[in-house]
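**Q** Okay, here's the structure, questions in a sec.
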Amino acid sequence: MNKIVEPPTLTRLDHWLQRIEQHLADQITTPFAIRLWTGRTYRFGVGAPESIIEVKNNRGLIALSRLDELAVCEAYMQGNLDVSGDMLAFVGLRGLLRDYHPLHTLGRRLLPWFIGREQTDRLAIAAHYDFSNDFYLSFMDPTRCYSQAVFARDDEPLVDAQRRKLDFAIESCNLKAGERVLDVGGGWGAFTEHAGKRGIHVTSLTISRESERYLADLIQRLELPCRVVNQDFLEYAPPEPYDAIVILGVMEHLPDYPAVLAQFQRLLKPGGRVYLDASAFHEKYSKPTFISQYIFPGDHAYFCLHTFLADAAKTRMEVLTVYNDRHNYFLTCKAWAQNLDLARDEIVRRWGETLYRRFRLFLWGSAHAFLYQSMSAYRVVLEFGAGKSHI
């Protein structure tokens with residue numbers, strides 16, 4: 001796509017919009033409109049607009065004219081652009097935009113080489129998770145599970161679908177009261193509480209200070225047979241192996257699959273199982289610049305199933321089951337996004353408009369990606385067998 005010249009004033013607006021329509025006409029499948037701060041509205045596509053991009057000022061107009069995804073996202077977060085109508089339709093317009101920022105991509109890939117894997121992970125986790133716990137609790141369900149639920153039907157309450165997923169994780173690992181399980185990336189204690197109430201002894205690993213404090217309080221308050229340890233998963237060396245390992249939505253932060261699989265084998269008893277779930281993409285490090293700059297910095301990577309399975313085949317970890325959860329993650333992100341919108345006033349009052357808009361783009365954008373198959377998600381169950389390891 002050729003570069004569109006930025007319009008510095010409204011006098012060139014008509015010509016600029018005509019050029020946009022010429023460039024994008026054959027790509028517009030969802031009708032939308034652009035409404036200026038003057039009140040004038042321009043329509044694109046056939047039919048009534050499903051979303052309207054509200055251009056608040058000339059800065060918003062310049063950002064829009066670049067047809068660059070990051071520039072549009074930043075203009076929205078700063079309030080120079082706004083959206084009315086269907087937010088899911090709006091984030092679907094990203095297909096009309098460019099997203100080429102090679103220096104940013106190179107920088108995040110090189111970061112672990114300069115400061116080390118553990119420090120990179122700690123910085124990335126802190127950037128995403130070390131907001132107030134109350135912020136995340138404002139859009140999650142009462143289980144506080146921050147990965148995909150497993151729905152029996154599309155209109156099932158999120159809390160019921162999350163409990164079904166947590167039950168599935170316990171049953172897949174054949175866990176019973178008194179057995180020991182390592183929960184990698186404890187978050188807000190969804191698995192720790194769910195399993196701990198059944199008498200399962202959970203060690204919850206985290207490298208987030210906010211998460212560590214939350215988990216410690218939860219374990220003490222509910223008198224769970226569990227503990228929290230602030231340590232990187234790949235550095236963790238307990239005195240005895242575990243019966244199982246559970247990883248809920250954390251594989252995206254563990255892109256070195258050979259190292260992860262080797263650690264599974266060090267940490268598990270023979271016959272021990274691993275349950276993991278993750279958002280996925282066919283290329284591990286391919287993600288929007290907006291996500292890598294404002295949501296998951298560092299070299300956070302989507303789970304790449306075929307690469308992981310190829311690496312697992314070289315180890316003593318046997319893959320037992322794989323489930324495609326793409327639709328489940330769409331329903332989960334949609335529910336989170338709707339909850340976020342319902343809590344908007346409280347979120348803006350406590351944490352500001354910019355954070356609300358940042359996560360609104362993230363959650364609705366993720367829902368769209370899962371719905372239209374640009375992303376997927378999986379549950380995987382593995383068992384530590386007795387075969388010969390090749391690593």
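**Q** For a quick check of your reading of the model, give me the residue pairs whose first member lies in segment 139-163 and is under 16 Å from Asn339 (Cα atoms), whose second is in a loop (DSSP other than H, G, I, E, B) and among the charged types (D, E, K, R), with beta-carbon atoms closer than 6 Å and at least 6 apart or on different chains.
**A** The qualifying pairs are Gln148/Asp325; Leu158/Asp141; Val159/Asp141; Gln162/Asp141.
**Q** Further question on the same structure: Among the residues of segment 190-208, is any assigned to a loop (DSSP other than H, G, I, E, B), under 30 Å from Asp311 (Cα atoms), at pLDDT below 95 and in the same structural domain as Arg144 (by TED's automatic domain parsing)?
**A** Yes, segment 190-208 contains a residue that is assigned to a loop (DSSP other than H, G, I, E, B), under 30 Å from Asp311 (Cα atoms), at pLDDT below 95 and in the same structural domain as Arg144 (by TED's automatic domain parsing).
**Q** What is the one condition in (1) modelled with pLDDT of 85 or more; (2) surrounded by 18 or more Cβ atoms within 10 Å (Cβ to Cβ); (3) of a type outside the set (Gly, Ala, Ser) that Leu13 does not satisfy?
**A** Going through the list (1) modelled with pLDDT of 85 or more; (2) surrounded by 18 or more Cβ atoms within 10 Å (Cβ to Cβ); (3) of a type outside the set (Gly, Ala, Ser), Leu13 breaks only (1).
**Q** What are the pairs with Cβ atoms under 8 angstrom where one residue, in segment 341-356, is at negative phi and the other, located anywhere, is basic (Lys, Arg)? Sequence gap at least six, or different chains.
**A** What qualifies is Asp341/Arg360; Tyr356/Arg344.
**Q** Right, another one. Just for segment 19-70: of the residues that are at pLDDT 85 or above and of a type in the set (S, T, N, Q), which one is nearest to Leu96 (Cα to Cα)?
**A** By that ranking, first place goes to Thr30.
**Q** Can you find a residue that is in a loop (DSSP other than H, G, I, E, B) and charged (D, E, K, R) anywhere in segment 288-301?
**A** Checked segment 288-301: at least one residue is in a loop (DSSP other than H, G, I, E, B) and charged (D, E, K, R).
**Q** Looking at segment 179-188, is at least one residue farther than 26 Å from Arg360 by Cα, within 22 Å of the chain's Cα centre (by Cα) and surrounded by fewer than 19 Cβ atoms within 10 Å (Cβ to Cβ)?
**A** no
**Q** Something else: Can you find a residue in segment 95-109 that is out of contact with any Gly (no Cβ under 9 Å at 6 or more places or on another chain), among the hydroxyl-bearing types (Ser, Thr, Tyr) and at pLDDT below 95?
**A** yes
**Q** Ok, one more. Looking at segment 313-340 only, could you name the residues that are surrounded by fewer than 20 Cβ atoms within 10 Å (Cβ to Cβ), touching a residue at least 12 places away in the same chain (Cβ under 8 Å) and farther than 24 Å from Ser172 by Cβ?
**A** Asn339
**Q** Considering only segment 35-60, state which residues are under 29 Å from the mean Cα position of the chain (by Cα) and among the hydrophobic types (A, V, I, L, M, F, W, C).
**A** Ile52, Ile53, Val55
**Q** If you take the residues in segment 196-209 that are of a type outside the set (A, V, I, L, M, F, W, C) and surrounded by 18 or more Cβ atoms within 10 Å (Cβ to Cβ), which one is farthest from the chain's Cα centre (by Cα)?
**A** By that ranking, first place goes to His201.
**Q** Does Leu224 satisfy the condition of being under 27 Å from Ser132 (Cα atoms), crowded, with 18+ Cβ neighbours inside 10 Å and over 24 Å from the mean Cα position of the chain (by Cα)?
**A** It is true that Leu224 is under 27 Å from Ser132 (Cα atoms), crowded, with 18+ Cβ neighbours inside 10 Å and over 24 Å from the mean Cα position of the chain (by Cα).
**Q** Kindly evaluate Arg180 against the criterion of being over 20 Å from Asp134 (Cα atoms) and out of contact with any Phe, Trp or Tyr (no Cβ under 7 Å at 6 or more places or on another chain). Write out each step before concluding.
**A** Numbers: over 20 Å from Asp134 (Cα atoms): yes; out of contact with any Phe, Trp or Tyr (no Cβ under 7 Å at 6 or more places or on another chain): no.
No; evaluated as a whole, the condition is false for this residue.
**Q** Which residue pairs have Cβ atoms under 8 Å apart, sit 6 or more places apart or on different chains, and have a first residue in segment 25-54 that is assigned to a strand (DSSP E or B) and a second that is modelled with pLDDT of 85 or more and of a type in the set (Lys, Arg)?
**A** Listed pairs, sorted by first residue: Phe32/Arg43; Ala33/Arg43; Thr41/Arg35; Tyr42/Arg35; Ile52/Arg35; Ile53/Arg35; Glu54/Arg35.
**Q** Okay, moving on. Tally time: how many residues in segment 341-380 are aliphatic (A, V, I, L, M) and crowded, with 21+ Cβ neighbours inside 10 Å?
**A** Counting residues in segment 341-380 that are aliphatic (A, V, I, L, M) and crowded, with 21+ Cβ neighbours inside 10 Å gives 8.
**Q** Moving on to the next point. Do the conditions hold for Met251, that is, is it touching a Gly at 6+ places or on another chain (Cβ under 8 Å) and either at positive phi or among the hydrophobic types (A, V, I, L, M, F, W, C) (or both)?
**A** no
**Q** Hey, another quick one. Being surrounded by fewer than 19 Cβ atoms within 10 Å (Cβ to Cβ) and not in a loop (DSSP other than H, G, I, E, B) is the filter here; which residues of segment 55-67 pass it?
**A** Within segment 55-67, Asn58, Arg59, Ile62 qualify.
The values are calculated or read from the model by the stated rules, or taken from the named source; none is laboratory data. Predicted model only: the values in this text are computed from it and were never measured. All Cβ positions, glycine included, derive from the backbone under ideal geometry; neighbour counts span all protein chains shown.
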